[in-house]
Amino acid sequence: MTYTGVVTTGGPADVRETSGLTISKVSVGTIDNNAYLLRCRATGEQLLIDAAADPRTLLALAGDGGLASIVTTHQHWDHWIALAEVAEATGARTYAGRDDVDGIKARIDVPVDDGDTVRVGEVELTARHLVGHSPGSIALVYRDPEGIPHLFTGDSLFPGGIGNTEQDPVRFASLLKDVEEKIFGELPDETWFYPGHGGDSTLGAERPKLPEWRERGW
């Protein structure tokens with residue numbers, strides 16, 4: 001079946017195969033948080049992005065393969081409320097942006113800085129620090145050597161705009177600058193991105209809207 005990125009809470013995962021990773025997307029919790037399971041196709045090692053809610057669903061998604069790692073994209077509670085339970089059940093190593101660690105009420109083993117590498121099996125993911133939605137928000141970039149790049153953005157980039165900066169002009173300017181420079185400035189239009197809520201998009205579909213986002217201020 002063709003991957004669409006459209007999932008519903010309580011519904012099945014949408015699964016995508018790349019050369020190095022199997023990507024499974026589910027929606028969990030009361031505000032439709034997305035969680036992503038990345039499985040290295042060569043080794044079977046698995047990494048979860050955002051233990052957002054519903055640990056039973058997340059543990060079932062991981063299955064017998066367990067979890068080696070859990071990455072939390074930012075400190076807002078709806079993205080880590082199941083982290084402690086899932087990490088305890090699996091023994092997974094936990095990661096989050098350095099400037100958000102103190103805001104996450106669960107164990108974080110590895111603080112992450114801009115440009116750091118997080119591995120899942122033989123696959124490398126590059127962290128990009130995007131300041132504005134939260135102080136330590138990170139996105140993860142997977143550059144598929146045989147296909148398009150894949151980008152996991154948390155709540156920093158969505159189809160239609162950057163993440164919520166609560167009408168703070170300083171935070172808005174910071175996040176837009178980081179997204180423009182570190183995401184749109186470095187990745188091609190065919191890059192597929194996976195946000196923390198809702199459907200996916202590509203950078204090419206969103207790039208023409210950047211002037212509109214800047215003008216409207218959110």
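FYI, it's all coordinate maths here, none of it is from the lab. Bear in mind that the values here come from a model prediction, so they are computed numbers and not experimental data. Every residue, glycine as well, gets a Cβ built from its backbone with ideal geometry; the counts of neighbours run over all protein chains shown.
Here the chain is treated with +1 on each Lys and Arg Cβ and -1 on each Asp and Glu Cβ, and its dipole about the Cα centre works out to around 140 debye.
Here the spin labels are modelled as points 7 Å beyond Cα on the Cα-Cβ line, and at residue 212 and residue 143 they lie 3.1 nm apart. Peptides 180-189, 158-167, 95-104, ordered by how many other C-beta atoms sit within 10 Å of their residues on average, highest first, read 95-104, 158-167, 180-189.
The relative contact order of the chain, computed from alpha carbon pairs under 8 Å that lie at least 6 residues apart in sequence, is 15 percent. Modelled this way, with points 7 Å down the Cα-to-C-beta line, the labels at residue 119 and residue 8 are 4.1 nm from one another. Residue 61 sits among other residues whose Cβ lies under 11 Å from its own Cβ, and their net charge, with Lys and Arg +1 and Asp and Glu -1, is +2.
Among (1) 15.9, 49; (2) 17.6, 54; (3) 18.9, 67, which is the computed Rg and Dmax of the Cα atoms in Å? Of the labelled values, this structure produces (1). Each helix, a run of at least 4 DSSP H residues, gives -39500 (n - 2.57); summed and divided by the residues of the chain, these come to -4500 deg cm²/dmol at 222 nm. Let me know the shape class of region 103-168, please: from the alpha-carbon gyration tensor, a ≥ b ≥ c as square roots of the eigenvalues, rounded when a/c is under 1.5, otherwise prolate if a/b is greater than b/c, or oblate. Oblate, since a/c reaches 1.5 and b/c is not below a/b.
Taking the chain as the region of interest, the number of lysine pairs whose Cα atoms are within less than 27 Å, with members eight or more places apart or on different chains, is 5.
Among beta bridges identified by DSSP and lying wholly in region 14-216, the antiparallel ones come to about 70 percent. Stokes-Einstein, applied to the Kirkwood radius of region 104-218 over Cα pairs at a viscosity of 1.306 mPa s and 10 °C, places its translational diffusion at 109 µm² s⁻¹. Using the Cβ-Cβ distance between residue 31 and residue 167 with R0 set to 25 Å, the FRET efficiency works out to roughly 0.80.
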